[in-house]
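Novice: Mind having a look at this structure? Questions to follow.
The values are calculated or read from the model by the stated rules, or taken from the named source; none is laboratory data. In this text, all values refer to a predicted model and were calculated from it rather than measured experimentally. Positions of Cβ are generated from backbone atoms using ideal geometry, with glycine treated the same way; all protein chains shown enter the neighbour counts.
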Amino acid sequence: MPVEVERKFVCDSHILEKLKDIRAVCLGQYEFKDQYFDTEDFTLTLKDFWLRKREGSWELKRPTSSNLNTETRAQDVCTNYREITDVLQIRVELMSIMGIYAEHTAESLQKEQDKDVHAEFQKWVQEMKLECFAEFTTMRHSYTLEYEGDDRRVRVDLDQADFGYCVGEIEVLVSEADEMTSAMQSIEKTAQKLGIGGEQKTEGKMEVYLKRFRPDHYAALLKAHVL
Ligand code: V4E
């Protein structure tokens, strides 16, 4: 289960030039549709759990329980989430956060694995009354960067959402929570090279979407300090 450490930034008109200057390699562009799901009373998102279906594949982003002892500026502007793509694991995580306990025997788990897990998960989502609360399409341009003496890759995504919002993301994937500090250092180094400043977090697509189209949901998340 990788941990995604990222920093969002506002794209200015010089970003492509700057990416070229620092020898970022373009990985290409692609379009994808995201649908986000939650209960009517926001059980998941109030706990900072983000269940989405991206182009037909289920993904869950959940907070990590990291305790970082660093005092870098990156810590204030970076986020880190664990990304889970195995539907059986997603269900375990969601049941736990929703306070649903099920007894599993070795036999029942084997049966579960023999089924069409994706169809079963879709059915379970409906039974749990998890409804789509946000749906938008993103056009993404991706770039990658490598630093000498560092085998970690930094990825820069430039996203344009179909509801009229553009945002950039500098992202590093790590497998262990203890790699987080050096991931944030790589992100900060990239931000400096791209001339990205600012002490405050940049709004993501979801924040802007909720503010515009789901103000009640947005207000509840602000009140709970999730956003
Ligand atoms: C984690 C999260 C949300 C889910 C969407 O995450 P995000 O990284 O914004 O989406 P995207 O399309 O860039 O996904 P990727 O392709 O990188 O996996 S929506 C809100 N959050 C929490 C959150 C937060 N509190 N603050 C910031 C700056 N970002 C996200």
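Novice: Residues that are closer than 16 Å to residue 4 by Cβ, in a strand (DSSP E or B) and more than 16 Å from the chain's Cα centre (by Cα): does segment 152-174 have at least one?
Specialist: Going through segment 152-174, the residues closer than 16 Å to residue 4 by Cβ turn out to be 152-157, 159, 167-174.
From what's left, in a strand (DSSP E or B): 152-157, 159, 167-174.
Keeping just the survivors that are more than 16 Å from the chain's Cα centre (by Cα) gives 152-153.
Within segment 152-174, one or more residues are closer than 16 Å to residue 4 by Cβ, in a strand (DSSP E or B) and more than 16 Å from the chain's Cα centre (by Cα).
Novice: Something else about it: Looking at segment 144-180, which of its residues are modelled with pLDDT of 85 or more, surrounded by 17 or more Cβ atoms within 10 Å (Cβ to Cβ) and more than 20 Å from residue 32 (Cβ to Cβ)? Break it down into steps so the answer makes sense when it comes.
Specialist: Residues of segment 144-180 modelled with pLDDT of 85 or more: 144-145, 153-174.
So of that shortlist, the ones also surrounded by 17 or more Cβ atoms within 10 Å (Cβ to Cβ) come out as 145, 154-161, 165, 167-172, 174.
Once the filter is applied, which keeps residues that are modelled with pLDDT of 85 or more, surrounded by 17 or more Cβ atoms within 10 Å (Cβ to Cβ) and more than 20 Å from residue 32 (Cβ to Cβ), segment 144-180 yields 145, 154, 172, 174.
Novice: Another question about this same structure. Which of the residues that make up segment 180-211 are away from the ligand (no atom under 14 Å from the Cβ) and either within 19 Å of residue 13 (Cα to Cα) or free of Cβ contacts under 8 Å to residues at least 60 places away in the same chain (or both)?
Specialist: 182, 186, 189, 190, 192, 193, 194, 195, 197
Novice: Which numbered condition trips up residue 49, out of (1) in contact with a strand residue (DSSP E or B) (Cβ under 7 Å, 6 or more places away or on another chain); (2) more than 10 Å from the ligand (Cβ to nearest atom)?
Specialist: All conditions are met except number (2).
Novice: State which residue pairs qualify: first residue more than 11 Å from the ligand (Cβ to nearest atom) and inside segment 77-92, second residue aliphatic (A, V, I, L, M) and part of a helix (DSSP H, G or I) in any location, beta carbons under 8 Å apart, and separation of 6 or more residues or different chains.
Specialist: Every condition considered, the pairs that remain are 84/90; 87/117; 88/117.
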